[in-house]
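Here the structure comes first, spelled out in structure tokens, and everything after it is commentary.
The values are calculated or read from the model by the stated rules, or taken from the named source; none is laboratory data. If you're wondering where the values come from, they're calculated on a predicted model, not measured in any experiment. Using ideal geometry, Cβ is built from the backbone for each residue, glycine included, and neighbour counts are taken over all protein chains shown.
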Amino acid sequence: TLATLSTAQAAAEMPPIPEVTGDVVEGDGNDYTIKFSIGTTQSGAQYRGLEYFEDIVEARSDGHIQVELFHSAQLGDDLQAVSALQSGTLEMTAPSTSPLVNMFPQFAVFDLPFLFPTPEVADEVLDGEIGDSMLGIASSNGLVAIGWAENGYRQLTNSQAAVDSPDDLDGLKVRTMQNPIHLDIWRTLGANPTPMSFAELFTALEQGVVDGQENPWITIQSSRFNEVQGYASETNHVYTPFITLVSERFWNKLPESYQQMLVEAAQQMGDYEREVSRSLNDQIKQELIDEGMQITELTPEQVTTFQESLAPVYDNWRDQVGGELIDSIRATSAQ
Ligand code: TK8
């Protein structure tokens with residue numbers, strides 16, 4: 001089918017999985033298995049990153065750690081996978097930060113609209129002091145947070161009509177992640193938002209339970225949302241990271257040498273996954289157009305209209321997120 005074919009083409013043009021670097025690490029003589037589950041599909045950038053992670057960990061542990069990969073929420077959606085980590089029935093997952101905001105209120109910074117103007121700014125924040133402190137915050141509640149990757153810049157899709165201004169959103173039923181800032185964003189824009197797990201989304205779009213959703217191009221295509229959504233708008237309204245999490249129960253069984261190696265592998269995976277995601281972004285947008293999706297690109301003035309409409313969201317969340325944090329990210333952007 002067309003969808004399978006284009007997925008295969010996209011895969012062919014992904015940057016190749018790098019060679020594993022780094023020495024074999026001495027463990028404690030025991031063998032371990034890591035089940036690593038994600039919500040996105042096998043044809044996305046995230047899964048490709050996991051394949052690299054598997055290569056690194058199996059090579060550097062000399063086969064003493066086996067990594068088993070699960071995609072498409074086979075072992076649960078983002079929230080279910082996180083609670084499986086907490087209870088110790090799953091070893092690793094990499095959710096979007098947004099569904100975790102009730103557990104880690106500081107993550108709300110990643111939900112503020114238009115805060116990260118470029119991927120470079122996102123990298124500086126994630127790979128710098130702010131990102132490190134967020135990993136520290138998320139290393140609690142039975143979780144150990146060991147790195148960042150990206151879901152990416154989110155784009156609106158819908159089944160009804162082209163959207164280039166908040167006026168077009170009046171009453172549109174938009175699925176959001178399970179996150180109060182996202183709900184606020186779409187309410188503020190005049191839409192009718194419903195929070196829902198990603199695992200239920202395709203069916204909800206197909207059956208018309210919701211009219212639209214928002215996700216990065218690569219997630220839209222790899223989940224084949226374009227088969228049930230005729231229109232898209234290049235809004236880039238939120239930049240969503242993926243956070244790499246390990247079950248603390250599992251982590252505490254590992255010798256320190258393996259813990260350190262997993263941190264290094266998560267960093268290498270995150271760098272590579274972001275490279276894949278970014279190199280595919282424009283290519284996949286074009287493929288979506290070729291497959292018949294009508295994509296509306298916004299003029300700078302139209303983007304400004306969205307930004308101005310969303311000013312109240314900053315007023316509502318500034319205290320929870322922390323004014324200083326917002327200002328320091330703005331200062332990073334201004335450099
Ligand atoms: C995948 C999710 C997804 C996210 C969402 O597990 O729920 O819309 O963007 O990609 O993390």
I'm trying to understand the selection: among the residues of the range 132-144, which are surrounded by 19 or more Cβ atoms within 10 Å (Cβ to Cβ) and either of a type in the set (Ser, Thr, Tyr) or touching a helix residue (DSSP H, G or I) at 6+ places or on another chain (Cβ under 7 Å) (or both)? MET134, LEU143, VAL144
What residue, of LEU85, LEU69, LEU75, is over 16 Å from the mean Cα position of the chain (by Cα), in a loop (DSSP other than H, G, I, E, B), at pLDDT 95 or above and not hydroxyl-bearing (Ser, Thr, Tyr)? LEU75
Selection over the range 217-228 where residues are assigned to a helix (DSSP H, G or I), within 10 Å of the ligand (Cβ to nearest atom), among the polar types (S, T, N, Q) and in contact with a strand residue (DSSP E or B) (Cβ under 9 Å, 6 or more places away or on another chain) yields a count of 1
Going through the range 182-200 one residue at a time, which ones are within 12 Å of the ligand (Cβ to nearest atom) and either assigned to a strand (DSSP E or B) or surrounded by fewer than 23 Cβ atoms within 10 Å (Cβ to Cβ) (or both)? PRO195, MET196, SER197, ALA199, GLU200
Scan (1) surrounded by fewer than 21 Cβ atoms within 10 Å (Cβ to Cβ); (2) more than 15 Å from the ligand (Cβ to nearest atom); (3) aliphatic (A, V, I, L, M) for the single condition VAL67 breaks and write down its number. (1)
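Rundown of residues vs (1) of a type in the set (Asp, Glu); (2) in the same structural domain as ALA84 (by TED's automatic domain parsing), yes/no style:
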residue	(1), (2)
PRO193	no, no
ASN226	no, no
SER257	no, yes
GLU275	yes, yes
So which residues in the range 264-290 are surrounded by 16 or more Cβ atoms within 10 Å (Cβ to Cβ) and among the aliphatic types (A, V, I, L, M), if there are any at all? ALA265, ALA266, MET269, VAL276, LEU280, ILE284, LEU288
Restricting attention to the range 158-181, which residues are within 13 Å of the ligand (Cβ to nearest atom) and either assigned to a loop (DSSP other than H, G, I, E, B) or in the same structural domain as ILE38 (by TED's automatic domain parsing) (or both)? MET177, GLN178, ASN179
Kindly indicate which of GLU214, GLU150 is surrounded by 17 or more Cβ atoms within 10 Å (Cβ to Cβ), within 11 Å of the ligand (Cβ to nearest atom) and closer than 22 Å to GLN106 by Cβ. GLU150
Every pair of residues 6+ apart whose Cβ atoms lie under 8 Å, when the first sits in the range 170-183 and is within 18 Å of ASN236 (Cβ to Cβ) while the second is of a type in the set (Phe, Trp, Tyr) and within 15 Å of the ligand (Cβ to nearest atom): VAL174/TRP186; THR176/TRP186; MET177/PHE198
Would you check which residues across the range 229-262 are within 21 Å of GLY29 (Cβ to Cβ) and assigned to a helix (DSSP H, G or I) and list them? ARG249, PHE250, TRP251, GLU256, SER257, TYR258, GLN259, GLN260, MET261, LEU262
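The rows are residues; the columns are (1) farther than 17 Å from SER277 by Cβ; (2) within 15 Å of the ligand (Cβ to nearest atom); (3) in contact (Cβ under 8 Å) with a residue 60 or more places away in the chain.
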position: GLY88; (1), (2), (3): yes, no, yes
position: LEU100; (1), (2), (3): yes, yes, yes
position: PHE114; (1), (2), (3): yes, no, yes
position: PRO119; (1), (2), (3): no, no, yes
position: VAL125; (1), (2), (3): no, no, yes
So which of GLU234, GLU248, GLU264 is outside the structural domain of GLY39 (by TED's automatic domain parsing) and closer than 26 Å to PHE107 by Cα? GLU234
